[in-house]
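The values are calculated or read from the model by the stated rules, or taken from the named source; none is laboratory data. Since the structure is predicted, the reported quantities are computational estimates derived from the model, not experimental observations. Backbone-built Cβ (ideal geometry, glycine too); neighbour counts: all protein chains shown.
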Amino acid sequence: MAPSDSPREAVAPPPARTTGLFRTKSVEQSIRDTDEPDTKLRKDLTSWDLTIFGVAVVVGAGIFTLTARTAGNTAGPAVSLAFVFAAIACGLAALCYAEFASTVPVAGSAYTFSYATFGELVAWIIGWDLILEFALGASVVAKGWSQYLGTLLNGHQPLWHFGSHSFDWGASGLIVILGVLLAMGTKLSSRVSAVAVAIKLAVIVLVVVVGATYFKASNLKPFIPPSVPNAGSGGSHTLQQTLFQLVTGGGNSHFGWYGLLAAASIVFFAFIGFDVVATAAEETKDPQRNVPRGILGSLAIVTVLYVVVSLVLTGMVPYTDLQGDDATLATAFAIHGVTWAKNLISIGALAGLTTVVMVLFLGQTRVLFAMSRDGLLPRQLAHTGSKGTPVRITAIVGVICAVLAGFVDFGTLEEMVNIGTLFAFVLVSIGVIILRKSRPDLQRGFRVPLVPLVPILSVLACAWLMFNLAVETWLRFVIWMLIGMVVYFAYGRRHSKLAKTGS
């Protein structure tokens, strides 16, 4: 980690733009807003708490659900390489997040950063984008949690059936319980996360040790299996191929290099959440030092875990034994007759996915809190109360996510979480370059090395992963953004605090 900027002569900051669609909110104003008594968050978190949050949200869905499914259906043994590709993109973006969060230690993450660099319209777009990322992410992972609960209940899925419809009470109940915890305080949430993280890491270590005894190097061959075309044709299959395949004429195929690149974009979902650490910057003690440590430390830990687990998994059984939408980490152990591992992995998955949902839930509330404090959403939602947490927003998010998790079958909608996150990463990376040029006077607790090279590489890596997402995902993303523009011009632009006060 690079040292803070050396002392420099006081330089008057350039005036912020206070009119038009691209009016900016100065860094100084963003920091002053954190002291408003009615919307003040409590500073309780340390670098250790942030690292736990990072590991809590990232280690979960990737290891327990995505690894086996992506190996069997998309990349084969090369899924470990797909994790490396995704981690490189995340690492480049993490450096940019670390600089921004140490410079602007305010709730809201990429939304707040964009407000200071690109202006209000882009800030709204990224805030609307983050709402998509966190709300869908929390609901999708809650559904996965419920499926593992069903495994522990001897296959009895936690569902209530109403004619042709069903309600997933397991997923909804989890979100309600976590909403109550988050409303009670961020520090308490961190302590609960620490216990759950310890449980799932212990399970992962045991899985790796036991799985290694069944490891056969021959199962890793071919490391990148030959390309296999998808069955069927027509418009729906055109939409299901990646944008890269559509442009280059690669067709809707799995495995091969197209499959590997698509897998990197899919397993990127497993890394989603380290940016949530930045949303908690306002609640952190000494954020200039602790936030970068939390972001980079958690990302390093989880990357090693993902690569090791994916190598052990694909070395235990041929990747063809993991094909199908129901394959999980437990599938490889079941093939070897290690039946006790199924319940153990389910316990680890429950602990792991619990913390993923909790931290995504936290990120959603903090982004909405920042947008409400700025007036782009109703300011009454930013009230924090005696606990120093945005209870009103927490309750609203809890209800919405509980309904989504209970009634909606997401299917391929989970890829929308990926495209939303990658879009945020692109803007944050560009923002680092802009803020270096426009505000060289700012004190930075962490500095991205080799600017502008590293941010540019981050943009290219994230754009490449976006390019390898399905065409239908792109179409849905565009529709969501168009809805956001309608909401902004109908409400946010007229009620913006910056528009009303000019500061």
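Just to check your reading of the model, which residue among Leu182, Leu178, Leu149 is in a helix (DSSP H, G or I), buried (at least 19 other Cβ atoms within 10 Å of the Cβ) and modelled with pLDDT of 90 or more?
After ruling out the rest, the residue left standing is Leu178.
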(request) Working carefully through the options Ser310, Ser346, find the one that is of a type in the set (Gly, Ala, Ser) and modelled with pLDDT under 85. (result) Ser346
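Quick check on this structure: which one of His161, His165 is farther than 29 Å from Leu45 by Cβ, modelled with pLDDT of 85 or more and surrounded by fewer than 15 Cβ atoms within 10 Å (Cβ to Cβ)? Show your work before the answer.
Working: His165 fails: modelled with pLDDT of 85 or more.
Step by step, each of His161, His165 is checked, and only His161 is farther than 29 Å from Leu45 by Cβ, modelled with pLDDT of 85 or more and surrounded by fewer than 15 Cβ atoms within 10 Å (Cβ to Cβ).
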(message) Condition first: in a loop (DSSP other than H, G, I, E, B), within 29 Å of Gly91 (Cβ to Cβ) and modelled with pLDDT of 65 or more. Now tell me which residues in region 222-253 satisfy that.
(response) Pro222, Phe223, Ile224, Pro225, Ser227, Gln241
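A quick yes/no check of all residues on (1) buried (at least 24 other Cβ atoms within 10 Å of the Cβ); (2) in contact with a Gly (Cβ under 7 Å, 6 or more places away or on another chain); (3) assigned to a loop (DSSP other than H, G, I, E, B):
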residue	(1), (2), (3)
Glu282	yes, no, no
Ala300	no, no, no
Val312	no, yes, no
Ser346	no, no, no
Val357	yes, no, no
(request) Report yes if Gly54 is modelled with pLDDT under 85 and either more than 23 Å from Leu136 (Cα to Cα) or assigned to a helix (DSSP H, G or I) (or both), otherwise no. (result) yes
(message) Tally up the residues in region 262-297 that are of a type outside the set (A, V, I, L, M) and touching a His at 6+ places or on another chain (Cβ under 9 Å), please.
(response) 0
(request) Consider only pairs whose beta carbons are under 7 Å apart and that are at least six residues apart or on different chains; among these, list those whose first residue lies in region 38-67 and is farther than 17 Å from Arg191 by Cα and whose second residue is surrounded by 24 or more Cβ atoms within 10 Å (Cβ to Cβ) and among the acidic types (Asp, Glu). (result) Leu41/Glu282; Leu41/Glu283
(message) The conditions are (1) more than 19 Å from Val356 (Cα to Cα); (2) touching a residue at least 40 places away in the same chain (Cβ under 8 Å); (3) over 19 Å from the mean Cα position of the chain (by Cα); (4) outside any strand (DSSP E or B), and Ser218 fails exactly one of them. Which is it?
(response) (2)
(message) Can you confirm whether Leu498 is part of a helix (DSSP H, G or I), buried (at least 22 other Cβ atoms within 10 Å of the Cβ) and either among the hydrophobic types (A, V, I, L, M, F, W, C) or in contact with a Lys or Arg (Cβ under 9 Å, 6 or more places away or on another chain) (or both)?
(response) yes
(message) Show me the helices (runs of 4 or more DSSP H) found entirely inside region 368-487 where at least 2 residues are among the charged types (D, E, K, R) and surrounded by fewer than 22 Cβ atoms within 10 Å (Cβ to Cβ).
(response) 414-438, 471-487
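Does region 85-92 contain at least one residue that is more than 16 Å from the chain's Cα centre (by Cα), surrounded by fewer than 24 Cβ atoms within 10 Å (Cβ to Cβ) and in a helix (DSSP H, G or I)? Give the derivation first.
If we filter region 85-92 for residues that are more than 16 Å from the chain's Cα centre (by Cα), which is where we start, we get 85.
Imposing the further condition that a residue be surrounded by fewer than 24 Cβ atoms within 10 Å (Cβ to Cβ) reduces the set to 85.
When the remaining residues are screened for being in a helix (DSSP H, G or I), the result is 85.
The answer is yes; a qualifying residue exists.
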(request) Considering every residue within region 1-23, establish whether at least one is among the polar types (S, T, N, Q) and modelled with pLDDT of 70 or more. (result) no
(message) Which of the numbered conditions does Thr65 fail, given that it passes all the others? Conditions: (1) farther than 30 Å from Ser438 by Cβ; (2) modelled with pLDDT of 75 or more; (3) part of a helix (DSSP H, G or I); (4) touching a Gly at 6+ places or on another chain (Cβ under 7 Å).
(response) (2)
(request) Quick one: in region 93-121, of everything that is within 20 Å of Leu41 (Cα to Cα) and of a type in the set (Val, Ile, Thr), which residue is surrounded by the fewest Cβ atoms within 10 Å (Cβ to Cβ)? (result) Thr103
(request) Could you list all residues from region 261-280 that are under 25 Å from Thr384 (Cα atoms), part of a helix (DSSP H, G or I) and not polar (S, T, N, Q)? (result) Val276, Val277, Ala278
(request) Report whether or not Gly256 is modelled with pLDDT of 85 or more, surrounded by 12 or more Cβ atoms within 10 Å (Cβ to Cβ) and under 29 Å from the mean Cα position of the chain (by Cα). (result) no
(request) Restrict the check to region 447-460 and report whether at least one residue is closer than 23 Å to Phe85 by Cβ, of a type outside the set (A, V, I, L, M) and without any contact (Cβ under 8 Å) to a residue 60 or more places away in the chain. (result) yes
